[in-house]
Amino acid sequence: MTDKTIRLAVLDDYQHVAIESADWSPLEGRAEVIVFHDHLHEHAALVERLSSFDAVCVMRERTPMTAELIAALPRLELIASTGRANASIDLDAAAKHGVEVMHTNYSSTPTIEFAWAAILGLARNIAVEAASVREGGWQVGLGTELRGGTLGILGLGHIGSAVAQIGKAFGMRVIAWSQNLTEDAANAIGVRRVTKAELLTQSDFLSIHTRLSERTRGLIGAAELATMKPTARLINTSRGPIVDEQALIDALTQGRLAGAAVDVFDDEPLPADHPFRRLPNMLATPHVGYVTREMYRTFYGDSVSNVVAWLDKGLRS
């Protein structure tokens, strides 16, 4: 390592694939790349780990770059984040401390496909039936046909619209609601715009595709879940806090909701003792809606390019 070489930390490489997902050779002789496969969430531990690094590569919101953390890392000059935006980075704090923030390209294809994997997984009890075979058993339940059922979309943006179109291909009746959805936008893709109350009471499968904000935090709580059909299923591949976790646990435990598929949580990684890990009518996955080989190639490949571009601009003090 020379005086002109920076130290780059690649955080939260859970699957040990960061290095193989991109060509890191453009950084040879310019950066010492250190990859961390575990996740730290305590502030003191993060400061100790990152204090000797000039740059960090963060995977989505796994490690929040808070104002407190940024202020505690005076050597930090670059945050290379995957995705087109990252709500867990305090951009004001980064600007205040002269930390450059760069982003990568992103495709919604993996999340669209995963949402349907979750819907089908719930409809046909795939996780339960597969577990029965693994344990030496055989058939244990009955599936549900999609054709003729009602698919509710909460958030008819790019992802929600694509999920809705696939629902129509399955022969489902598709309805949608969000705080900003217009009649014209719904009509443009052949979806019926309804009220929030109608969305909740009519959906057999309710799939959430809205951004997390102060307006959407806790948007689906106990009162909303209480109005859904007891045979309905809820799917959340957006952000955990949009749905009140305890209210969802209660509804599933008490049989007031047939099932749920959740890929996003209030706290990630999900605590080992969390009820979502044990509920038989819960299909819980570890925030893998965007995790594909192709997406990781984009994320890490673009991150390397961003670090190179930053170095070439001579932004380092």
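The values are calculated or read from the model by the stated rules, or taken from the named source; none is laboratory data. Worth saying up front: this structure is predicted, and the values here are computed from it rather than measured. Reconstructed Cβ throughout: ideal geometry from the backbone, glycine too, with neighbour counts over all protein chains shown.
A quick yes/no check of all residues on (1) more than 30 Å from ASP54 (Cα to Cα); (2) surrounded by 20 or more Cβ atoms within 10 Å (Cβ to Cβ); (3) not hydroxyl-bearing (Ser, Thr, Tyr):
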| position | (1), (2), (3) |
| --- | --- |
| ALA247 | yes, no, yes |
| GLN254 | yes, no, yes |
| GLU268 | no, no, yes |
| PRO280 | yes, no, yes |
| ALA284 | yes, no, yes |
| GLY289 | yes, yes, yes |
| GLU294 | no, no, yes |
| ALA309 | no, no, yes |
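Among the residues of region 137-144, some residue qualifies, meaning at least one is of a type in the set (A, V, I, L, M), surrounded by fewer than 18 Cβ atoms within 10 Å (Cβ to Cβ), touching a helix residue (DSSP H, G or I) at 6+ places or on another chain (Cβ under 6 Å) and in the same structural domain as GLU183 (by TED's automatic domain parsing).
Of all residues in region 225-238, count the ones that are surrounded by 21 or more Cβ atoms within 10 Å (Cβ to Cβ) and charged (D, E, K, R).
1
Tell me, which residue of region 254-273 that is among the small types (Gly, Ala, Ser) and in a strand (DSSP E or B) is nearest to GLY221 (Cα to Cα)? My answer is ALA260.
For first residues located in region 110-127 and over 17 Å from GLU145 (Cβ atoms), partners that are part of a helix (DSSP H, G or I) and lie 6+ apart or on another chain with Cβ distances below 7 Å form the pairs PRO110/MET295; THR111/ILE159; ILE112/ILE159; ILE112/ALA162; ILE112/VAL163; ALA115/VAL163; ALA127/GLY121. Selection within region 256-266: residues that are hydrophobic (A, V, I, L, M, F, W, C) and more than 22 Å from PRO110 (Cα to Cα). The member of this set that is surrounded by the most Cβ atoms within 10 Å (Cβ to Cβ) is LEU257. Within region 1-51, track down each residue that is surrounded by fewer than 20 Cβ atoms within 10 Å (Cβ to Cβ), of a type in the set (Ser, Thr, Tyr) and over 20 Å from VAL101 (Cβ atoms). Within region 1-51, THR2, THR5, TYR14, SER25 qualify. ALA251 meets all of the listed conditions (1) farther than 18 Å from ALA117 by Cα; (2) assigned to a loop (DSSP other than H, G, I, E, B) but one, namely (2).
Residue-wise test of (1) over 21 Å from LEU156 (Cβ atoms); (2) assigned by TED's automatic domain parsing to the domain that holds LEU40; (3) aliphatic (A, V, I, L, M).
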{"position": "THR231", "(1), (2), (3)": "yes, no, no"}
{"position": "THR237", "(1), (2), (3)": "no, no, no"}
{"position": "GLY240", "(1), (2), (3)": "no, no, no"}
{"position": "LEU248", "(1), (2), (3)": "yes, no, yes"}
{"position": "GLY259", "(1), (2), (3)": "yes, no, no"}
{"position": "ASP263", "(1), (2), (3)": "no, no, no"}
{"position": "PRO269", "(1), (2), (3)": "yes, no, no"}
{"position": "ALA272", "(1), (2), (3)": "yes, no, yes"}
